[in-house]
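S.K.: Here's a structure for you.
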Ligand code: MG
């Protein structure tokens, strides 16, 4: 099932996105999409609604250097254990919402990533049990002010600007994360192309590692790391991240007015 959050003529709601004979439709979900969702009976043509970020996370946990070729392009090796950091939930935006480059950064990079969405409160989850706590998967962009990340010696400022966590277009609950192609394009030019099978730590290992540290809540998002090919974005450009089987997350880039 594809789970989205939509702005419709009737307000904001979670919805299941289904293919119907006359085109895709958004079927309104009552309350929230966790567990077994119930439906209100109301629906809209997908063309008549706007897709928002598919989830409002209480936190976004990110994995650093989870593809060896990206660790190498950053001048190091992938660490033996996962390295984790946080992005604030205030950095989340949906598809088509502009990524805003802060005026004091010389280099704002895209990082296309597979995003995991947690489906229930959990702690100390074994890798083998991770599937049971995951609601589904979406596409993410771990936007980074690279100069601020490097200047500070830790990553909070460089990773946390408002609009630096695009997510979408929806959550796919039936997705197999083990070997999907991931492509990032800038103005239609392919910049990143890899497969999730190249992750150093797979989704199960990541959920085990993070949930040893912190309680995960429904809707929390894990960004699983970016492959090689990261690079800067300029105002007026458009960045699109596609994960095979999930869809494409596309955002324009602007400078802060
Ligand atoms: Mg990243």
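The values are calculated or read from the model by the stated rules, or taken from the named source; none is laboratory data. The model shown is predicted, which means the values in this text are computed figures rather than measured ones. Reconstructed Cβ throughout: ideal geometry from the backbone, glycine too, with neighbour counts over all protein chains shown.
S.K.: When only residues in the stretch 50-76 that are part of a loop (DSSP other than H, G, I, E, B) and at pLDDT 95 or above count, which is nearest to the ligand (Cβ to nearest atom)?
M.R.: 66
S.K.: Among (1) crowded, with 23+ Cβ neighbours inside 10 Å; (2) modelled with pLDDT under 95, where does residue 108 come up short?
M.R.: (2)
Listed here are the residues, each with its yes/no results for (1) under 20 Å from residue 172 (Cβ atoms); (2) out of contact with any helix residue (DSSP H, G or I) (no Cβ under 6 Å at 6 or more places or on another chain).
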{"residue": "15", "(1), (2)": "yes, yes"}
{"residue": "24", "(1), (2)": "yes, no"}
{"residue": "28", "(1), (2)": "yes, yes"}
{"residue": "42", "(1), (2)": "no, yes"}
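S.K.: Next question, about the same structure. Looking at the structure I just gave you, is residue 79 more than 30 Å from residue 201 (Cα to Cα), modelled with pLDDT under 95 and not in a strand (DSSP E or B)?
M.R.: Against the criterion (more than 30 Å from residue 201 (Cα to Cα), modelled with pLDDT under 95 and not in a strand (DSSP E or B)), residue 79 does not qualify.
S.K.: State which residue pairs qualify: first residue over 19 Å from residue 86 (Cβ atoms) and inside the stretch 128-153, second residue in a helix (DSSP H, G or I) and modelled with pLDDT of 95 or more in any location, beta carbons under 6 Å apart, and separation of 6 or more residues or different chains.
M.R.: Cβ pairs passing all conditions: 130/204; 130/207.
S.K.: Tell me whether the stretch 206-216 contains one or more residues that are touching a helix residue (DSSP H, G or I) at 6+ places or on another chain (Cβ under 6 Å) and either away from the ligand (no atom under 12 Å from the Cβ) or at pLDDT below 95 (or both).
M.R.: yes
S.K.: What tally of residues in the stretch 140-161 results from selecting those that are more than 13 Å from the ligand (Cβ to nearest atom) and surrounded by 19 or more Cβ atoms within 10 Å (Cβ to Cβ)?
M.R.: Number satisfying all stated conditions: 2.
S.K.: Out of everything in the stretch 106-127 that is part of a loop (DSSP other than H, G, I, E, B) and within 16 Å of the ligand (Cβ to nearest atom), what residue ends up being farthest from the chain's Cα centre (by Cα)?
M.R.: The residue in question is 107.
S.K.: Please verify whether the stretch 246-254 includes one or more residues that are within 16 Å of the ligand (Cβ to nearest atom) and at negative phi.
M.R.: Within the stretch 246-254 (the criterion being within 16 Å of the ligand (Cβ to nearest atom) and at negative phi), the answer is yes, since at least one residue qualifies.
S.K.: Residue by residue through the stretch 1-13, note down the ones that are part of a strand (DSSP E or B) and closer than 16 Å to residue 173 by Cβ.
M.R.: 2, 3, 4, 5
S.K.: Just one of (1) assigned to a strand (DSSP E or B); (2) under 16 Å from the mean Cα position of the chain (by Cα); (3) within 22 Å of residue 106 (Cβ to Cβ) trips up residue 170, so point out which.
M.R.: For residue 170, the failing item is (3).
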